[in-house]
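Trainee: One structure, pasted below without further comment.
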Amino acid sequence: WELGFLKDVVENKENFAELQSQEYIRYEDMPLETKSGKTIHVEFVSNVYLVDTIKVIQCNIRNITDRKLDEVKLHRLSQLYRVISHCNEILVRAVDEEELATSMCQMLANEECFAAAWVGYTEQGADTRIRVVGAAGVTKSELESLSLTWADEGFGKGVVGNAIRTGQVVVCNDFDKDPLAETELLRGFRSGYSSIVALPLIADQAVFGALVVRGVRPNEFSDEIVELLGELAGDLAFGVA
């Protein structure tokens, strides 16, 4: 137990007792902690056999972390396919832009990996403000208190402003490492999420707003997830136009 990689000592002592009595135990997925403090997932098989008159315990441990991550990614993709399907149903039924944007945001915010979602439109004319049209997981008043802008200064230099100015998807997958998150952090706008993606809304080759999704953990936005969210942003832009 002093080795330290079995963190739940009580549970594992119980399993050790089972191993001694049954002389075999298997874990399909057991989290271990490496010397550097990183958690990995392993397949763990242990059995007891005799060498002369001495009982020997043999353990076989296989690192299945990559397989586990693939399973998680597939699960999330499956969930997002379902969300897009529901959002397309909303697209047909919605009576106005605000209902459409709010309903889509609610569908996204209901997913366990997303903390919140919101849709903002650029103001007409020379004004560079962003008007919040729909939001879920975060209130409109919270967003409006930030004086949202897509100007090349202040908040506009962050993820959302960059997406609107460039017309390109902008991803910040780790607030602790990406300088794009500096604007978010300076405004204390981090509570409950560690990653964010902004997807421009485009009609007639002009950007008129953005769909913004916050991730609960770092690295929530894989290329596959971003691609599917891009499809959703395209559907939303089409519905509005």
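Trainee: Report, in debye and to the nearest 20, how large the dipole of the stretch 32-93 comes out about its Cα centre when Lys and Arg carry +1 and Asp and Glu carry -1 on their Cβ.
Mentor: On the way: 10 positive and 7 negative charges, 45 e Å.
With only Lys, Arg, Asp and Glu charged at Cβ, the dipole is about 220 debye.
Trainee: Quote the FRET efficiency, to the nearest 0.05, computed for PHE16 versus GLU227 with a Förster distance R0 of 41 Å and r equal to the Cβ-Cβ distance. It would help to have the intermediate numbers written out before the result.
Mentor: Working: r = 46 Å, r/R0 = 1.12.
Once the sixth-power term is evaluated, E becomes 0.35.
Trainee: Leaving ligands, DNA and RNA out of it, rank TYR81, TYR49, TYR121 by accessible area with a 1.4 Å probe, largest first.
Mentor: Details: TYR81 140, TYR49 90, TYR121 20 Å².
Accessible-area ranking of TYR81, TYR49, TYR121, largest first: TYR81, TYR49, TYR121.
Trainee: Here's something else I'd like to know. Given the rule -39500 (n - 2.57) for each run of at least 4 DSSP H residues, summed and divided by the residues of the chain, what is its mean residue ellipticity at 222 nm, to the nearest 500 deg cm²/dmol? Show your work: numbers first, answer last.
Mentor: Numbers: 7 runs with 92 residues, N = 241.
Using -39500 (n - 2.57) per qualifying helix, the result is -12000 deg cm²/dmol.
Trainee: Equivalent ellipsoid semi-axes for the stretch 128-173, as square roots of 5 times the alpha carbon gyration tensor eigenvalues: give them largest first, rounded to whole Å. Please list the in-between numbers first.
Mentor: Details: eigenvalues 65, 33, 17 Å².
Output for the stretch 128-173: semi-axes of 18, 13, 9 Å.
Trainee: Turning to a different aspect of this structure: Taking the chain on its own, what percent of its Cα-Cα pair distances exceed 34 Å? Let's see the in-between values first.
Mentor: On the way: 9940 of 28920 pairs.
It works out to 34 percent of all Cα pairs.
Trainee: Return an integer: the convex hull volume of the alpha-carbon atoms of the stretch 1-120, in Å³ per residue.
Mentor: 153 Å³
Trainee: Could I ask something else about it? Using all C-alpha to C-alpha distances in the stretch 105-148, build P(r) with 5 Å bins and read off the rounded percent in each one.
Mentor: For the stretch 105-148, the binned pair fractions read 5, 24, 27, 19, 14, 7, 3, 1 percent.
Trainee: Please give the length that would be gained between LYS73 and VAL92 if that part of the chain were fully extended, namely 0.36 nm times their separation in residues minus their C-alpha to C-alpha distance (nm, one decimal). If you can, show how the numbers build up before the last one.
Mentor: Numbers: separation 19, 0.36 × 19 = 6.84 nm, distance 2.91 nm.
So the extension gain works out to 3.9 nm.
Trainee: With every protein chain present, what accessible area does ILE202 have (1.4 Å probe, heavy atoms only), rounded to the nearest 10 Å²?
Mentor: Ignoring ligands and nucleic acids, ILE202 comes out at about 80 Å².
Trainee: Sorted by accessible area (1.4 Å probe), largest first, how do TRP118, TRP150 line up? Don't skip to the end; give the middle numbers.
Mentor: Numbers: TRP118 5, TRP150 70 Å².
Largest accessible area first, the list is TRP150, TRP118.
Trainee: Nearest 0.05, what FRET efficiency do ASP176 and GLU43 give at R0 = 35 Å with Cβ-Cβ as r? Walk me through the intermediate numbers first.
Mentor: Values: r = 31 Å, r/R0 = 0.89.
Computed FRET efficiency for ASP176 and GLU43: 0.65.
The values are calculated or read from the model by the stated rules, or taken from the named source; none is laboratory data. Just so it is clear, the structure is predicted and the values come from calculations on it, not from any experiment. FYI the Cβ positions are ideal-geometry reconstructions off the backbone, even for glycines, and counts take in every protein chain you see. For the accessible areas, the whole protein counts, side chains as well, though only heavy atoms, and no ligand, DNA or RNA atoms are used. Shrake-Rupley method; radii C 1.70, N 1.55, O 1.52, S 1.80 Å.
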